[in-house]
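First comes the structure, then the notes that go with it.
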């Protein structure tokens, strides 16, 4: 639906003939409303449940199950077909609902890294072993990341409620002000979602705008040639090159397997895919409104190092098959 809208704006409204400009404009008008829609829906639903269920929801998700909450969040992230920017509304909803910070980060890390289309293509073109290793390593990275960020956010005095939902504390301190009936709850959830959109709208706009430029004007063969000629630094270079790029998951998978078909090692190709999906510059611009700068920097380094390790291990294992 959003892709049709983007094509309509680029083709019928602006009458763009240039192929690259058409791709960029279409991408922007497809992804910008899609991300805003997802944020509005997810935050609205979570706000509704938070008010409707009261403290029951927060008490349930605040329990620690010996790390199983991180594992379940990582697995949930692996089976959801979201790229980085589409994962942020869910992450935001998790934080608002009182889910442990570690579980929220486990989802944010794993969701864009493990791509279902890539999983099937790896199994078909290479082997089931590499497909399983790719999925398992992505889930493991999210699982470990959950533990790591649960501890690091405590040490750095990470207070999400101050950053993204200041009104929650005001509401909780005065129970008499909470909505009493269904209509009031829906109204309160609606305005909470609108407030969140207003807070992060500029960052979503900038992120998707930059993503549209890369999507329309950076050719895939440029990246293929550059990654393929770097030599033993291929994996770190692939991760670094993937950061400023933002394309849809399906397009990213096609680009990556074109690279692999041209002789670039599988681990290097997958590192490039995971960097595009999980470390995109637009994602960080949006997260900048949600997370403190120190947490955001640590998050970027953690995911980047994890991707590099996965890519190097896959390249090592590929030499034996």
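The values are calculated or read from the model by the stated rules, or taken from the named source; none is laboratory data. Fair warning: this is a prediction, and the values are worked out from it, not measured in the lab. As a convention, Cβ positions derive from the backbone with ideal geometry for all residues, glycine included, and neighbour counts pool all protein chains shown.
Listed residues 252, 260, 237; which is in contact with a helix residue (DSSP H, G or I) (Cβ under 7 Å, 6 or more places away or on another chain) and at pLDDT 80 or above? Can you show your working first?
Numbers: 252 fails: at pLDDT 80 or above; 260 fails: at pLDDT 80 or above.
Every option except 237 fails the conditions.
Answer yes or no as to whether residue 138 is assigned to a helix (DSSP H, G or I), modelled with pLDDT under 80 and crowded, with 16+ Cβ neighbours inside 10 Å.
Working: assigned to a helix (DSSP H, G or I): yes; modelled with pLDDT under 80: no; crowded, with 16+ Cβ neighbours inside 10 Å: yes.
Taking the combined requirement at face value, the residue does not satisfy it.
List pairs: first in the stretch 29-43 and in a helix (DSSP H, G or I), second modelled with pLDDT of 85 or more and surrounded by 19 or more Cβ atoms within 10 Å (Cβ to Cβ), Cβ under 7 Å, 6+ apart or cross-chain?
Hits for this filter: 29/6; 29/10; 30/6.
All but one of (1) modelled with pLDDT under 75; (2) under 23 Å from residue 43 (Cα atoms); (3) out of contact with any helix residue (DSSP H, G or I) (no Cβ under 8 Å at 6 or more places or on another chain) hold for residue 232; which doesn't?
Only one criterion in (1) modelled with pLDDT under 75; (2) under 23 Å from residue 43 (Cα atoms); (3) out of contact with any helix residue (DSSP H, G or I) (no Cβ under 8 Å at 6 or more places or on another chain) is unmet by residue 232, namely (2).
Being surrounded by fewer than 24 Cβ atoms within 10 Å (Cβ to Cβ) and under 15 Å from residue 269 (Cβ atoms) is the filter here; which residues of the stretch 109-119 pass it? Outline the logic, then answer.
So in the stretch 109-119, the residues surrounded by fewer than 24 Cβ atoms within 10 Å (Cβ to Cβ) come out as 116-117, 119.
Of everything in the stretch 109-119, those that are surrounded by fewer than 24 Cβ atoms within 10 Å (Cβ to Cβ) and under 15 Å from residue 269 (Cβ atoms) turn out to be 117, 119.
Could you look through the stretch 280-294, keep only residues that are more than 22 Å from residue 43 (Cα to Cα) and at pLDDT 85 or above, and pick out the one that is surrounded by the most Cβ atoms within 10 Å (Cβ to Cβ)?
First, the residues of the stretch 280-294 that are more than 22 Å from residue 43 (Cα to Cα): 280-281, 293-294.
Add one more test, that the residue is at pLDDT 85 or above, and what stays is 293-294.
Values: 293: 8, 294: 13.
Per the criteria, the residue is 294.
Return the only residue of 300, 306 being closer than 26 Å to residue 196 by Cβ and at pLDDT 85 or above. Show your work before the answer.
Working: 306 fails: closer than 26 Å to residue 196 by Cβ.
Among 300, 306, only 300 is closer than 26 Å to residue 196 by Cβ and at pLDDT 85 or above.
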